[in-house]
Amino acid sequence: MMKTYWKYFLYIQGITHDLSKFSPAEFFPYAKKFYSGKPLNAEDEIKWKYAWLRHQNKNKHHWEYWVINPNAKEALPMPKKYIIEMICDWRSFSRNWGRKVKDSTLNLTDNIVVHADTRKEIEILTMSKKTRLLRKY
């Protein structure tokens, strides 16, 4: 992931990406979910969901951060640096957890609420020759 940040001159973002995961509110639920090796009980599942919600609302590279009204599917435009970070994050997640981010995810399903300008930028970034490397990451 760091290679991609460096390629796009996003040095600070590369260093600070997901720092909120080191807060106790996120760290312990994440550790249990991804590294305990066993299913979460009901209480831990709720803690995980709160941690995930907190994470989305604290990190600008998550599209959920920019949603104003989910019922009306209304969102603010994302700055390009956060769009790049989001795409890198999707790729990194799929690489780390053995899942492939499908083109349908990058083409944005109906569940993803983004501004029309953000949607266009994501399509450009995932399809353009210059940024095709994002598909590798």
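Nothing in this text is a laboratory measurement; each read-out follows from the coordinates by a stated rule. All of these numbers come straight from a predicted model, not from anything done at the bench.
Key figures for this structure:
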{"quantity": "Calculated from backbone phi, Karplus (6.51, -1.76, 1.60) coupling profile of the stretch 12-17 in Hz, x at Gly/Pro", "calculated": "4, 4, x, 7, 9, 3"}
{"quantity": "Full-stretch length increase - Ile124, Phe22 - with 0.36 nm per residue and alpha-carbon distance subtracted", "calculated": "33.5 nm"}
{"quantity": "Cross-link pairs Lys33/Lys58; Lys38/Lys58; Lys32/Lys81; Lys38/Lys120; Lys21/Lys80 - those with Cα-Cα distance over 29 Å", "calculated": "Lys32/Lys81; Lys38/Lys120"}
{"quantity": "Fully extended contour minus Cα-Cα distance, from Tyr50 to Leu76, at 0.36 nm per residue", "calculated": "7.0 nm"}
{"quantity": "Contour excess over end-to-end distance, with Cα ends at Tyr11 and Lys60 and 0.36 nm allotted per residue", "calculated": "16.1 nm"}
